[in-house]
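Participant: This is the structure, below, for whatever I ask next.
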Amino acid sequence: MHDAGTDLDAALRPFFREAREGVVDVEGIFALIGRELYHYSFALCGSRSQTEDAIQDLVVKLLEQGERLREVRQPRGWLYTVVRRLACPRKRPSPEQCARRFAESVEADPSERLELQEALARLRPLDQELILLHVWQEMTFTEIAEVLALPRGTALSAYHRALQKLRASLDGPPLRVTGFPLRSKLRHAPAT
């Protein structure tokens with residue numbers, strides 16, 4: 001089975017191994033994962049300016065870490081964890097705002113987007129984030145557990161509870177999120 005997260009970790013590892021004090025190939029790292037981190041930060045922060053601040057703070061953190069980056073075993077998880085810590089102290093959006101942003105990425109008619117937005121808004125912020133990381137970012141539960149500082153089993157069970165709530169709210173033809181059917185993805189989401 002192809003695992004995008006493992007492939008990305010493998011691609012990021014050389015950048016982390018070659019890091020020295022004050023010298024990190026930030027451009028190379030961001031060429032691989034920058035867009036993904038930006039979208040995740042935006043989902044947490046809720047504004048472009050706060051997202052840009054969090055990403056700039058991440059660059060500073062990378063440069064400050066220098067040689068310590070060589071010890072990081074899962075670069076993707078480390079980057080997500082740092083972005084989350086940098087973005088979360090800023091004003092978090094309400095569950096309704098998060099749901100609206102998630103729903104905006106859906107290729108569907110406005111009524112279906114509204115249905116998804118309302119279903120997501122009923123979830124707790126942690127549940128929304130679990131769905132964002134697994135369905136939208138295609139992270140494994142091991143990676144999600146690292147990012148959210150939760151035991152893997154807790155992340156897995158919380159995700160499945162959130163997924164059950166979301167599935168119950170979404171009955172009908174498939175919605176599409178960035179090119180794949182959302183309802184189908186939610187019904188068949190693997191517990192990796």
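The values are calculated or read from the model by the stated rules, or taken from the named source; none is laboratory data. Just so you know, these numbers come straight off a predicted model, no measurement behind them. Cβ atoms come from the backbone with ideal geometry, glycine included; neighbour counts cover every protein chain shown.
Participant: Which numbered condition trips up Thr51, out of (1) polar (S, T, N, Q); (2) over 17 Å from the mean Cα position of the chain (by Cα); (3) buried (at least 20 other Cβ atoms within 10 Å of the Cβ)?
Facilitator: Unmet for Thr51, out of (1) polar (S, T, N, Q); (2) over 17 Å from the mean Cα position of the chain (by Cα); (3) buried (at least 20 other Cβ atoms within 10 Å of the Cβ): (2).
Participant: Hey, can you tell me all the residues within the stretch 73-99 that are of a type in the set (A, V, I, L, M) and modelled with pLDDT of 70 or more?
Facilitator: Restricting attention to the stretch 73-99, the residues satisfying the condition of being of a type in the set (A, V, I, L, M) are 79, 82-83, 86-87, 99.
Listed by number, the residues that qualify are Leu79, Val82, Val83, Leu86, Ala87.
Participant: Check whether at least one residue in the stretch 158-175 is of a type in the set (Phe, Trp, Tyr) and modelled with pLDDT under 75, and report yes or no. Break it down into steps so the answer makes sense when it comes.
Facilitator: We begin by selecting, within the stretch 158-175, every residue of a type in the set (Phe, Trp, Tyr); these are 159.
Next cut, modelled with pLDDT under 75 only: none.
The answer is no, given that none of the residues of the stretch 158-175 is of a type in the set (Phe, Trp, Tyr) and modelled with pLDDT under 75.
Participant: Taking the stretch 42-67 on its own, how many of its residues are part of a helix (DSSP H, G or I) and either in contact with a His (Cβ under 7 Å, 6 or more places away or on another chain) or among the polar types (S, T, N, Q) (or both)? Full working, then the answer.
Facilitator: Residues of the stretch 42-67 that are part of a helix (DSSP H, G or I), as a first pass: 42-45, 48-67.
Subset that is either in contact with a His (Cβ under 7 Å, 6 or more places away or on another chain) or among the polar types (S, T, N, Q) (or both): 49-51, 56, 65.
Count: 5.
Participant: Same structure, new question: Find all pairs meeting these conditions: Cβ atoms under 6 angstrom apart; at least six residues apart or on different chains; first residue within the stretch 32-53 and without any contact (Cβ under 8 Å) to a residue 40 or more places away in the chain; second residue part of a helix (DSSP H, G or I) and surrounded by fewer than 18 Cβ atoms within 10 Å (Cβ to Cβ).
Facilitator: Final answer for the pair search is Leu32/Ala11.
Participant: Looking only at the stretch 26-53, filter to residues that are modelled with pLDDT of 90 or more and among the aliphatic types (A, V, I, L, M); which one of those is farthest from Asp127 (Cα to Cα)?
Facilitator: Per the stated criteria, the residue is Val26.
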